[in-house]
1. Are any residues in region 82-113 assigned to a strand (DSSP E or B), buried (at least 16 other Cβ atoms within 10 Å of the Cβ) and not polar (S, T, N, Q), and if so, which ones?
2. Examine region 215-223 for a residue that is loosely packed, with under 13 Cβ neighbours inside 10 Å, modelled with pLDDT of 90 or more, within 30 Å of Val56 (Cα to Cα) and not assigned by TED's automatic domain parsing to the domain that holds Glu60, and state whether such a residue exists.
3. Any residue that is surrounded by 13 or more Cβ atoms within 10 Å (Cβ to Cβ), at pLDDT 90 or above and within 26 Å of Arg122 (Cα to Cα) - is there at least one of those in region 139-147?
4. Can you name every residue in region 116-134 that is among the small types (Gly, Ala, Ser) and either more than 17 Å from Leu186 (Cα to Cα) or surrounded by fewer than 18 Cβ atoms within 10 Å (Cβ to Cβ) (or both)?
5. Pairs, please: C-beta under 8 Å, at least 6 apart or cross-chain, first residue more than 30 Å from Gln26 (Cβ to Cβ) and in region 105-127, second assigned to a loop (DSSP other than H, G, I, E, B)?
6. Among the residues of region 21-79, what is the count of those that are surrounded by 13 or more Cβ atoms within 10 Å (Cβ to Cβ) and either of a type in the set (A, V, I, L, M, F, W, C) or assigned by TED's automatic domain parsing to the domain that holds Thr142 (or both)?
7. Working only within region 324-340, note down all residues that are touching a strand residue (DSSP E or B) at 6+ places or on another chain (Cβ under 9 Å) and either outside the structural domain of Gln354 (by TED's automatic domain parsing) or within 12 Å of Ala362 (Cα to Cα) (or both).
Amino acid sequence: MGLFDKAKELIKGELIDVVEWLDNSQDTIVHRFDRRNDGAIKNGAQLTVRESQVAVFVNEGEIGDIFQPGRYELTTNNMPVLTKLKSWKYGFDSPFKCEIYFVNTKVFTAQKWGTPANFYVRDQDFGRVTIRAFGTYSMQVTDAAKLIQKLSGTNGEYKTQDIAEELRSIIVTNFVSTIGESGKSLLDFAAAQSEMSKAVEQRINQESDYGLTFTKFLISSITLPEELQKKLDEGTGMNMLGDMNKYQQMSMADAMKAAATNPGAGGGMEGMMGMMMMNNMMQNQQMMNQQMMHQQNPYGQQGYGQPAAPPPPPMMSQYYVAINGQQQGPFPIQTLQQMAAQGQFTQNTQVWKQGMATWAAANTVAELSQLFGAVPPPPPPPAV
């Protein structure tokens with residue numbers, strides 16, 4: 001090329017004397033420096049590499065010199081690799097062309113991952129189970145040259161979303177393997193979530209070959225199948241039911257003790273209320289016992305070698321009564337018998353319980369009419 005042709009080329013292009021990149025994004029991993037109108041870089045140009053950046057010079061697809069954060073004057077003295085690639089002689093002082101890639105080495109946080117579909121695991125408690133998992137991770141470029149060679153290539157911009165799908169495949173593969181090899185039960189996952197997150201992180205970093213390092217990996221949630229979750233919730237409810245059973249037993253014992261030490265327990269409103277409380281608690285206790293027995297053994301089958309449990313006692317009837325024009329109750333028959341003995345409940349008292357069409361006099365109800373047989377008749381009128 002003659003001097004005239006060389007002058008035309010320099011005029012056509014634009015000599016570049018400042019090379020830098022200001023990152024205004026939050027997701028750019030690699031940015032190719034824009035050589036305006038395919039301009040040449042002036043020998044002695046100023047290169048500025050900011051913190052959390054690395055500048056990589058590439059000549060015709062071959063990685064050249066790599067510059068860490070700092071300020072440089074581009075000469076043959078500080079570009080030994082590029083000088084060799086271009087076969088520059090010592091002291092060569094002409095503009096040159098090459099690709100310059102700025103690689104962002106900051107930590108990219110809050111990157112999301114998740115299993116695209118359910119996958120199977122073998123659980124020691126539930127057998128073969130399908131689950132899904134979700135979480136976040138943080139990553140950082142630790143080998144800029146390898147990242148350019150294996151991922152970004154000649155792309156002018158390479159962002160986190162460009163690598164998200166590839167990383168998700170790597171994460172899911174290692175996550176499933178870690179879960180399968182852990183041997184932990186699904187019921188223990190919550191307690192071991194941090195431990196498993198660390199195990200997956202270490203496994204991915206050992207196998208990663210893209211110049212990236214996972215600085216943090218978190219499992220946010222592991223979702224069980226709806227049917228299994230329902231069964232676990234039912235199991236929790238059964239445990240709560242057992243606690244309520246103990247609570248009812250304690251409450252009933254306290255109420256009976258209070259009634260025994262109360263002078264008015266044998267009669268009057270205080271005694272009647274105490275009896276009502278004990279009767280209600282007994283009925284609630286019976287209902288919970290029946291429900292628990294049915295859920296634990298819905299078909300009434302007995303375990304081998306275990307004696308059959310007796311059936312629960314029948315439910316006691318309870319009646320509402322109309323006293324002085326006001327509805328009261330419901331009262332069990334034992335309470336009504338006490339009220340009859342005290343004269344508060346008579347044969348003509350209107351009563352009603354669930355299943356009756358309407359209110360009726362007490363002596364017209366079969367199971368109540370017998371309460372008045374032991375009640376003495378009213379005293380005769382005084383002699384005139």
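1. Pass one, region 82-113, residues assigned to a strand (DSSP E or B): 96, 99-104, 108-113.
So of that shortlist, the ones also buried (at least 16 other Cβ atoms within 10 Å of the Cβ) come out as 96, 99-104, 108, 111, 113.
Correct list: Phe96, Glu99, Ile100, Tyr101, Phe102, Val103, Phe108, Trp113.
2. So far as region 215-223 goes, no, none of its residues is loosely packed, with under 13 Cβ neighbours inside 10 Å, modelled with pLDDT of 90 or more, within 30 Å of Val56 (Cα to Cα) and not assigned by TED's automatic domain parsing to the domain that holds Glu60.
3. Taking region 139-147 first, the residues surrounded by 13 or more Cβ atoms within 10 Å (Cβ to Cβ) are 139-147.
In the following step, the residues that additionally are at pLDDT 90 or above were identified as 139-147.
From the residues that got through so far, the ones that are within 26 Å of Arg122 (Cα to Cα) too are none.
Scanning region 139-147 turns up no residue that is surrounded by 13 or more Cβ atoms within 10 Å (Cβ to Cβ), at pLDDT 90 or above and within 26 Å of Arg122 (Cα to Cα).
4. Residues of region 116-134 that are among the small types (Gly, Ala, Ser), as a first pass: 117, 127, 133.
Passing the criteria: Ala117, Gly127.
5. The qualifying pairs are Asn118/Pro225; Asp123/Ser185; Gln124/Gly183; Gln124/Ser185; Asp125/Ser185.
6. 19
7. Ile333, Leu336
Here's the yes/no breakdown for (1) exposed (fewer than 15 other Cβ atoms within 10 Å of the Cβ); (2) at positive phi; (3) part of a helix (DSSP H, G or I):
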position: Tyr158; (1), (2), (3): no, no, no
position: Glu165; (1), (2), (3): yes, no, yes
position: Ser169; (1), (2), (3): yes, no, yes
position: Val172; (1), (2), (3): no, no, yes
position: Phe175; (1), (2), (3): no, no, yes
position: Thr178; (1), (2), (3): no, no, yes
position: Ala190; (1), (2), (3): yes, no, yes
position: Gln193; (1), (2), (3): no, no, yes
position: Met196; (1), (2), (3): no, no, yes
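The values are calculated or read from the model by the stated rules, or taken from the named source; none is laboratory data. Here the structure is a predicted model, which means the values were calculated and not measured. Reconstructed Cβ throughout: ideal geometry from the backbone, glycine too, with neighbour counts over all protein chains shown.
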